[in-house]
Every structure is written in C-alpha cells, then in structure tokens.
Amino acid sequence: MRRLISLLALAACDPHPPNRPLAPAGPWPVPQAWKSETIPFPLGFAPKLAHRGTEELRFAPGFFDPAAPGYWSYAFVWRTEDAAALDAAALGAELTEYFRGLIDAVDKDGKIGDRDAIAVKVAAAGASFAIEAHVFDPFKTSLPLDLTGTAERRACPGGGALWVFVLAPVTTGVRAELEALARQAACGQPEPPEPAKKP
C-alpha cells in the first residue's frame, strides 16, 4: 500500500503526463539527400503575407529535375508568432499571393506571361485542408504545373501557430516521405544548424 501511494505521488508530480506532448528533442529533420532552407517573415518574395516568424522548407531530391520522382515535391512549415488562424478562403488567397510572388522573383526574363493563371484552391477536409495549386515552374521549364497536397494548423503555446504543408504533383514518387516528414513537425523546434561548408 505504501508503495502504491508513492507511485501515485510520483505520477502527480510528473511534468509530462501521458496526454501532454513532450517538448521536441531537436530540429525538424532534414532527411538524407534532401535540401532545406529557412526564410524569415516577411518573405522577400511575398511581403504582403502579414505573419511574423519563419518558414522552413524541405525539398525532395530531384526537386528541380522534371524527370525525377521528387520533382517539385516538398514540405514546408510556417512557424508564426501570430495566431495565423486562416480559413480555407484566406489560406487559398495567401498561397496564391505566395506563388505569384515566388514566380515573379524567379522569372526575371518574363518567360511566364499569364500570372493570373497562378491560383491556389483550398478546401476544408476535417481538421486539415486539401490544396490544389496551379502554378508554373520558373526554375527549369517555365511550363504550367499542378500540385496537390494538404495543410494543417496547430496552435502553439504562447499564441503562435505551426502551419504544416505538403505539396507535390499527383505523379510524385515521394508522397509517403513527405507525409511522414509533415508528421514530425512540431511547435518549438529549433532551427536546424547550418550545414558545414566544404573547404
């Protein structure tokens, strides 16, 4: 009986009871052979997105290669200090602004003429959102590109938020890896260390 009371007392003092998530042990992972980038808000290519915080991106191998399974396949998060409580319409408008700004910034020669065709549709899907994005590849082909994916908002302690995105063509060969990576994103993760520069 005395042992049972002691165990109950220890459980009551446990700072991490079973139903409370533990603090993340490290940064959001960068899988082997994947590329990463961290950009502070306001984003240089989309300054109208009025968030404070950072964007972290994870690019699949072959992201820029139209023949690769990971072509235009990536996961990214917005770690916002503001609540960033967006409904489907607001998120669609922000992502449309995001991609139009990105393509404007990259397509310096004006090979992509129909900027109005760049559009992102977002629909609520339970606790998350389904995304359909019609964009262009400004890096290699300048051709139209359709991406599908998901977004999920998670409230963070202190009033901030974590938005987790997965986007890729329907034909991507790395959808499962992207979704696994998205599940590993959490509030409070520190930025990953800069990769060591080769001498």
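The values are calculated or read from the model by the stated rules, or taken from the named source; none is laboratory data. Values in this document were obtained by computation on a predicted structure and should not be read as measured data. Cβ sites come from the backbone with ideal geometry, for glycine too, and all protein chains shown count toward neighbours.
Could you tell me whether VAL170 is in contact with a strand residue (DSSP E or B) (Cβ under 8 Å, 6 or more places away or on another chain) and part of a strand (DSSP E or B)?
Details: in contact with a strand residue (DSSP E or B) (Cβ under 8 Å, 6 or more places away or on another chain): yes; part of a strand (DSSP E or B): no.
When the stated conditions are applied, VAL170 does not pass them.
For residues that are assigned to a loop (DSSP other than H, G, I, E, B) and either in contact with a His (Cβ under 6 Å, 6 or more places away or on another chain) or on the phi > 0 side of the Ramachandran plot (or both), scanning just segment 48-81, find the one that is surrounded by the fewest Cβ atoms within 10 Å (Cβ to Cβ).
This residue is GLY62.
Is it the case, given these coordinates, that GLY173 is over 19 Å from GLY53 (Cα atoms), modelled with pLDDT of 95 or more and not basic (Lys, Arg)? Break it down into steps so the answer makes sense when it comes.
Details: over 19 Å from GLY53 (Cα atoms): yes; modelled with pLDDT of 95 or more: yes; not basic (Lys, Arg): yes.
When the stated conditions are applied, GLY173 passes them.
Going through segment 82-122 one residue at a time, which ones are in contact (Cβ under 8 Å) with a residue 12 or more places away in the chain, over 26 Å from PRO27 (Cα atoms), surrounded by fewer than 15 Cβ atoms within 10 Å (Cβ to Cβ) and among the small types (Gly, Ala, Ser)?
Listed by number, the residues that qualify are ALA89, ALA105, ALA117.
Name the residues in segment 23-47 that are not in a loop (DSSP other than H, G, I, E, B) and not charged (D, E, K, R), would you?
Our first condition is that a residue be not in a loop (DSSP other than H, G, I, E, B); within segment 23-47, this holds for 35-40, 43, 46.
Those that are not in a loop (DSSP other than H, G, I, E, B) and not charged (D, E, K, R): SER36, THR38, ILE39, PRO40, LEU43, ALA46.
Only one residue in LEU178, LEU145 is under 30 Å from LYS108 (Cβ atoms), in a strand (DSSP E or B) and in contact (Cβ under 8 Å) with a residue 40 or more places away in the chain, so which one is that?
Numbers: LEU178 fails: in a strand (DSSP E or B).
Every option except LEU145 fails the conditions.
Could you tell me which of the residues ARG52, ARG58 is closer than 26 Å to GLY101 by Cβ and either over 14 Å from the mean Cα position of the chain (by Cα) or modelled with pLDDT under 95 (or both)? Steps first, answer last, please.
Details: ARG58 fails: either over 14 Å from the mean Cα position of the chain (by Cα) or modelled with pLDDT under 95 (or both).
Unique residue meeting the criteria: ARG52.
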